[in-house]
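A short worksheet on the structure shown next.
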Amino acid sequence: MTELWLLALPVLGMAWLTVIALFAVAMARARELTQRWPLAITAAMAVVGIGAPVLFVACPEVGARTRFWLERPAFTAVAALETPDDDGYYGSPLPGHLCFVSANCKVATINTLGGPPVRFVPDYLGSPDGAVGYAHFTESPGPEPYDGFGDPICPTMELGGGWWWLGGCR
């Protein structure tokens with residue numbers, strides 16, 4: 001979606017409106033049935049289908065941990081890649097089958113001054129700068145801020161296997 005830049009906002013808005021409309025139609029159709037279990041199941045699906053994304057936006061740590069848990073094999077594959085020579089400030093392209101892991105389909109090497117390379121996979125890219133996302137450390141990370149493409153980001157949540165969530169510094 002980040003490749004669409006500003007067009008991503010209307011596309012996401014239309015997707016949300018479509019999902020809400022589909023749940024409304026499903027609820028209306030389920031109410032017409034004489035049995036109550038279709039209505040209960042449809043209502044539960046609507047609560048989960050709309051509530052879960054809202055929870056992930058309201059509490060980014062839950063979203064980051066859930067996404068990491070669901071996509072753990074892909075993150076493991078990114079960690080196993082050879083340390084790339086960055087093509088630019090935003091990193092090197094990921095292989096096509098791992099592109100979904102990164103917001104810009106790239107993996108960057110950040111904060112290598114005096115320490116081992118840290119692989120950074122952005123989950124969100126700001127405009128004009130800034131990022132938050134996942135980082136793979138070969139050693140325990142220090143408390144100092146890392147360069148999140150112009151904004152300071154800090155390890156805030158350990159995810160396992162050397163992966164940490166890098167978010168805003170507190």
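The values are calculated or read from the model by the stated rules, or taken from the named source; none is laboratory data. These numbers come from a predicted model, not from an experiment. For neighbour counting, all protein chains shown are included, and Cβ atoms are generated from backbone atoms with ideal geometry for every residue, glycine included. Heads up: the accessible areas ignore ligands, DNA and RNA and are worked out on the full protein's heavy atoms, side chains in. Shrake-Rupley method; radii C 1.70, N 1.55, O 1.52, S 1.80 Å.
One table, with the values for the structure above:
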{"quantity": "Lone qualifier among Thr76, Thr138, Thr109 - being part of a loop (DSSP other than H, G, I, E, B) and not aliphatic (A, V, I, L, M)", "calculated": "Thr138"}
{"quantity": "Pair list, Cβ under 7 Å, 6 or more apart: segment 147-170 residue under 19 Å from Thr66 (Cα atoms) and open to solvent by 50 Å² or more (accessible area, probe 1.4 Å), other residue hydroxyl-bearing (Ser, Thr, Tyr) and not in a strand (DSSP E or B)", "calculated": "Gly161/Thr76"}
{"quantity": "Odd one out for Gly88 among (1) within 30 Å of Thr156 (Cα to Cα); (2) part of a helix (DSSP H, G or I)", "calculated": "(2)"}
{"quantity": "Check on Arg65, touching a strand residue (DSSP E or B) at 6+ places or on another chain (Cβ under 7 Å), at pLDDT 80 or above, open to solvent by 50 Å² or more (accessible area, probe 1.4 Å) and closer than 15 Å to Tyr134 by Cα", "calculated": "yes"}
{"quantity": "Boolean, Leu70 is under 27 Å from Ala8 (Cβ atoms) and either in contact with a Phe, Trp or Tyr (Cβ under 6 Å, 6 or more places away or on another chain) or open to solvent by less than 20 Å² (accessible area, probe 1.4 Å) (or both)", "calculated": "no"}
{"quantity": "Residue satisfying all of: in segment 97-146; acidic (Asp, Glu) and more than 18 Å from the chain's Cα centre (by Cα); most open to solvent (accessible area, probe 1.4 Å) among these", "calculated": "Glu139"}
